[in-house]
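The values are calculated or read from the model by the stated rules, or taken from the named source; none is laboratory data. What you see is a predicted model, and the numbers here were worked out from it, not measured in a lab. Every residue, glycine among them, receives a Cβ derived from its backbone with ideal geometry; neighbour counts consider all protein chains shown. For the accessible areas, the whole protein counts, side chains as well, though only heavy atoms, and no ligand, DNA or RNA atoms are used. Shrake-Rupley method; radii C 1.70, N 1.55, O 1.52, S 1.80 Å.
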Amino acid sequence: CHEAGGGVVLIPAGKCVRIGTIRLKSYVELHLERGSRLLLSGNGEDFDKNDYGTDQRAGIYAADSESIGITGFGTIDGNGKSYVTERLEAIYHTQKRRPYVVIFQRCRDITMKDFTIVDAAVWTIDITRCYNVTVHNINILNDMLMPNSDGIDIDRCQFVRISDCHFECGDDCIVLKS
């Protein structure tokens, strides 16, 4: 889609797609129709390393992209339970390598709206060094026993707007970093 100049990648209603890493490039919108589901793999090796060279991996990843988005009333399932090794009294014990659901690094003009994310294995959305970000009407519904299952982490960004969202997380719902 990016090579054709941009457009919409559509996940149709009723479709469940199992993914490793989707790389979101400039001028591309990932649109999840109502009733569609993206299911992150239960194998941490199915995810690409990020472009920072760290070991953080994600189901949806963008770096140095502009005019990108995730929209629609579908669901992204982080498949967090597949990374649980045992349940302790008040928290899960998990595998070391767990994928984030979404990572955006050094991007601009980002829109995320109307979808739901469930069962993140670790941080749900990580936005780092981004500019002009709109997050509207998304739901994040994580297991309260999942360690480090932040809702949205915003690190060194400018012009970020979050509105009309609902977050349930086993760790911080919204994190501001500098």
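Within 10 Å, count the other beta carbons around each residue, average over each peptide in 167-178, 35-46, and list them highest first.
Details: 167-178: 15.2, 35-46: 17.7.
Those peptides, ordered most packed to least, come out 35-46, 167-178.
I want to verify a result. In a Gaussian network model of the chain, Cα cutoff 10 Å, which of these has the top mean-square fluctuation: THR134, THR116, THR21?
Per the Cα network of the chain with a 10 Å cutoff, THR134 tops the list.
Over 24 Å between C-alpha atoms is what I'm after, so list which of LYS25/LYS81; LYS25/LYS49; LYS49/LYS113; LYS15/LYS49; LYS25/LYS96 land there.
In this structure, LYS25/LYS81; LYS49/LYS113; LYS15/LYS49; LYS25/LYS96 exceed 24 Å between Cα atoms.
With every protein chain kept in the model, how would you rank ARG87, ARG23, ARG98, ARG106 by accessible area, 1.4 Å probe, largest at the top? Write down the numbers at each step before the final one.
Details: ARG87 155, ARG23 100, ARG98 35, ARG106 70 Å².
The ranking, largest first, comes out as ARG87, ARG23, ARG106, ARG98.
How big is the accessible area of HIS166 in square angstrom, nearest 10, if you roll a 1.4 angstrom probe over the protein chains?
80
Considering only DSSP beta bridges where both residues belong to the chain, give the percentage that are antiparallel (nearest 5). Write down the numbers at each step before the final one.
Working: 4 of 62 bridges.
Around 5 percent antiparallel, to the nearest 5.
What are the ³J(HN,Hα) couplings of the range 2-19, residue after residue, when phi is run through the Karplus curve with 6.51, -1.76, 1.60 and θ = phi - 60°? Round to Hz, x for glycine and proline.
Along the range 2-19, the couplings run 4, 5, 8, x, x, x, 10, 9, 9, 9, x, 3, x, 8, 10, 10, 8, 10 Hz.
Gap in Å between the Cα centre of the range 96-173 and the Cα centre of the range 10-64?
Centre-to-centre (Cα) distance: 14 Å.
Averaging sequence separations of C-alpha pairs under 8 Å and six or more residues apart, then dividing by the length of the chain, give the relative contact order as a whole percent. Mind dumping the intermediate values first?
Values: 530 pairs, mean separation 29.5, N = 178.
17 percent.
Around GLU33, under 13 Å between beta carbons, what's the net of Lys plus Arg minus Asp minus Glu among the other residues? Show your work: numbers first, answer last.
Working: positive: LYS15, ARG34, ARG37; negative: GLU29, ASP114.
Within the 13 Å Cβ shell, the charges total +1.
Nearest 5 percent is fine: what portion of the DSSP beta bridges confined to the range 85-178 is antiparallel? Can you show the working numbers first?
Numbers: 2 of 30 bridges.
Of those bridges, close to 5 percent are antiparallel.
So how strong a dipole does the range 1-83 carry about its Cα centre when Lys and Arg Cβ are +1 and Asp and Glu Cβ are -1, to the nearest 20 debye? Don't skip to the end; give the middle numbers.
Numbers: 9 positive and 11 negative charges, 79 e Å.
Dipole about the Cα centre, nearest 20: 380 debye.
For the range 65-99, which GluC sites (Glu not before Pro) are in a loop by DSSP, counting at most 10 other Cβ atoms within 10 Å?
Values: sites: GLU66, GLU86, GLU89; in loops: GLU89.
Those satisfying the criteria are GLU89.
Which distance in nm do the two modelled labels at ALA90 and ASP51 give, with both placed 7 Å along the Cα-to-Cβ direction?
4.1
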